[in-house]
Structures are given as structure tokens and as C-alpha cells.
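Remarks on the structure that follows.
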Amino acid sequence: MTTDTPQNADLTAWRREFHRYPEPGWCEFRTTVRIVEELERLGVDAIHVGTDAVDPDERLGVPDEDVLSEWYEKAAAETDRTDLLARLRGGHTGAVAVVENGPGPTVGLRVDIDALPITESADEDHRPAADGFRSANEGYMHACGHDAHIAFGLGTLREVMRDGFDGTFKVFFQPSEELLGGGKAMASTPHLDDVDHLFGAHVGLDYPTGTVVAGLDEALALTRMDVAFEGESAHAGLAPNEGRNAVQAFVSAADSVYGIPRHREGTTRVNVGEIRADNAANIIADRATASIEVRGGSTELMEYMRDAVHRRVEAAGEMHECDTEITRTGESIRQDCDEELVDLVSEVVTDRSDSLSLIRRDALAASEDATYLMRTVTENGGTATYVGIGGGNPSGHHTPTFDIDEESLSIGVDVLSSAVRKLLS
């Protein structure tokens, strides 16, 4: 389907390097440094990092300082670019690359860069393990294709720069998508203000290699929350009446949130996880924590579920005389694709009908915070679409054996760069 060229070899090398060194959301220090080094080598006009790339006040799910420091020091031991690392300290990861070439429209491409807390398979039939690029950061893995997305971003940038164009091209290397914490932070910067057209892209999604979806719609809007109940400990046998039981408060809350009425206008979801209480069996619990996530087929349906969870958590705390705290750690919205760009990508794929197959639109049916960047562009009068690049993944996303057919790298770059060039020609 594709030929072996130095350009394709670079795509594979990029993907494999980033696959070998996965980093979780807001801890992508080494990843960001390497992206910037490649952008410098490509000769882009401007590179924005740190608080120039993300709005620090809009970040969600930022890890504790000890976690950030651990990943920062790990990156510092693997690079001599202390000038760059210093600007990323505190979890201000990600980058925005800009290439300007005179008057014309501004086109953007958003790719995500973070990994997941999954231990990668070491089985010999898992290609990253067999070919020597299995994760070197044990317990973390690029199990959703963001390593390939980085290669999409770098490769598309290189192709667009190679042929010349009229206007401005920006690539947004967004941190913390898996936490749904980075999209809003990047969308809140001025870099989106002048973007007329925006592409997002995702590899895999159980589509075979060579299939391209011009517009992935119906991303589920999501809010993820950490909840805590603070009570007062007491002896469970001698004087239980003197305690304020945080576990009872949590159990009441969990039972209540699972009973939120589903909405007649569309999909609604709720789930409770990461439950923790450290009391012994003979001690009334003074603290209980959990995470709760809600999803909706629209932003409004998600907000309906989110507000209902807030009310029920607070009511359970009041009923058991416990203090409650709710911290939002991730959020995404629904934003569907614009027909104009769906048509454009469809034309690009149709022109390659001998090697690619087209699906004009399909449902994403998962959550994705590229929607914040898409909404910002459309609210400013522009257009946006989210493109699926089939990757022949042998197992599902977010699994220890996730992998992609590396032929999809050149396909993704070809489709994305061709679409961008159509807008900038």
C-alpha cells in the first residue's frame, strides 16, 4: 500500500521512540522536549511551550507535586535540554508549532501526546516487545495510539512545509487527553483565535488499515470527579454513636448516584471507582474517597448527570453529618464535525480510491477533549473535523497488547497533509 522511503522510515522511528518512553498527563516532560527538538530541526517559525502553550488555570487533573517531580527528574536524567525543561516545570507540558507563509487562511492540526497507566505486554507475539520498543517506563504505555499521533503531527508539518503554501499552519501537541484535562487548557490560549480550519485525528478505533473516516461525531461529553467524605473516627464497638461515619456517607452516595434517572433525550452514564477507606474493622471511618464519572450523549445531558451527582453526594454527606469535597479532574464536551471539512477529507480519500476506503461519518462513541479546540474554532466562525485513520489494531484500545499497523502512519500523514494543503493553496 505504501513504499519504503526515508520519510516513512522517519515516521516509524518517531512512533517507536515515543512508544518506548510513555509519560502520563501533565508529566510529558521528555516527550515535549523531544517534540520541540524535532520542531527545531524542521525549522518552524515559532514554538510555544510552557504557559505559552496551555492556560495553567484551565488545567484539570494535574498530579500532586511529588508525582510531577518524579517524572521531571526522570526526564532531566535523559536530556540535556534544561532550558526547555525549566519552562515545563509544574506540569506545563505540550507545545504549539507555527509556520507562517504570507497572507492566507490559518489551518490547525491537533494531536495528543500522553500515555496511560497500563503495564505493556511482554509477550513475544506483541510486536513492540519483539522488536525492542516496548515501554521502558514500567506501568505506563501508549495504549491508545498517541505515539502515532505525534508522528502524524511531525510528519504532516514536514510535508506541508516541503511544498510551500499561502497562509499559516499550526500544530497543537496537546497534553493530558487521557485525563481529559488538557483540551480546554490549550483551547483557552490565544493560539486558536485566528484558526479558520482545524483537524483532529485518531488512529485505530478498530478500523482496518486503509480506512479513513472523514468525520467522527457523537463524542460522549464527560465529567470526572474526585469525591471525599470527612467524618470523625470512634470505636466501632464501644461508642459508634460518637463517630461520623464517612463510609456510610459514601455508600449512601454511591447507591444514590446509580439511581439517577436516565434522561429521555439521549445517552446518560454514571460509574463509581477508585474507592478507598483506610479504617480498620473496629474503627468508624473518618475519611472515604472515590472517583465518579458521568457521560452524556450531549454536553447538556452530561451536565444533567454531573449536577445530579453533586446534589446526591452533598445530600449523603449531610445525612451522615460528614463534610464533602468534590474536585473536577477531567471534562470534555460534544462537538460534531463540520460538513465543509468532511467533504474536503472525503475528496482527498476518494482521489486515492485505489488504496483507501472512505467512511464519510461515523460515531466515535467515546470521550475526547479535542472537542474544546473544535468548539473554539467554530465559535470563531471557522470549521473543524475529527478524522479517523484505520490502524488495524490487533487488540482494543487501553489494553496491554494494543498496537497499530505502522502502514497507517504514512496514510495518516498523506491524508492530513493533503487536506491541509487544499486549504492553504
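The values are calculated or read from the model by the stated rules, or taken from the named source; none is laboratory data. None of these values were measured; they are calculated from a predicted model. Ideal geometry is used to build each Cβ from the backbone, glycine not excepted, and the neighbour counts take in all protein chains shown.
Among V227, V247, V213, which is the only one that is outside the structural domain of V309 (by TED's automatic domain parsing), among the aliphatic types (A, V, I, L, M) and in contact (Cβ under 8 Å) with a residue 24 or more places away in the chain?
Exactly one residue qualifies, and that residue is V213.
Does L154 count as out of contact with any strand residue (DSSP E or B) (no Cβ under 9 Å at 6 or more places or on another chain) and either closer than 25 Å to I389 by Cβ or assigned by TED's automatic domain parsing to the domain that holds R59 (or both)? Before you say what the answer is, go through the steps one by one.
On the way: out of contact with any strand residue (DSSP E or B) (no Cβ under 9 Å at 6 or more places or on another chain): no; either closer than 25 Å to I389 by Cβ or assigned by TED's automatic domain parsing to the domain that holds R59 (or both): yes.
For L154, the condition - out of contact with any strand residue (DSSP E or B) (no Cβ under 9 Å at 6 or more places or on another chain) and either closer than 25 Å to I389 by Cβ or assigned by TED's automatic domain parsing to the domain that holds R59 (or both) - is not met.
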Worksheet item: Only one of these conditions is not met by D286: (1) surrounded by 17 or more Cβ atoms within 10 Å (Cβ to Cβ); (2) in the same structural domain as I150 (by TED's automatic domain parsing). Which number is it?
Response: (2)
Worksheet, complete the sentence: A254 fails exactly one of (1) closer than 27 Å to E178 by Cβ; (2) out of contact with any helix residue (DSSP H, G or I) (no Cβ under 9 Å at 6 or more places or on another chain), namely (2)
Worksheet, complete the sentence: When every residue in region 347-389 that is farther than 26 Å from G297 by Cβ and hydroxyl-bearing (S, T, Y) is compared, the one modelled with the lowest pLDDT is S353
Worksheet item: In region 152-201, which residue that is closer than 29 Å to R16 by Cβ, in contact with a helix residue (DSSP H, G or I) (Cβ under 6 Å, 6 or more places away or on another chain) and small (G, A, S) is surrounded by the fewest Cβ atoms within 10 Å (Cβ to Cβ)?
Response: G155
Discussion item. Yes or no: region 14-30 includes at least one residue that is hydrophobic (A, V, I, L, M, F, W, C), assigned to a loop (DSSP other than H, G, I, E, B) and crowded, with 24+ Cβ neighbours inside 10 Å.
Written reply: yes
Practice prompt. Run down D278, D336 and say which single residue is free of Cβ contacts under 8 Å to residues at least 12 places away in the same chain, part of a loop (DSSP other than H, G, I, E, B) and not small (G, A, S).
Written response: D278
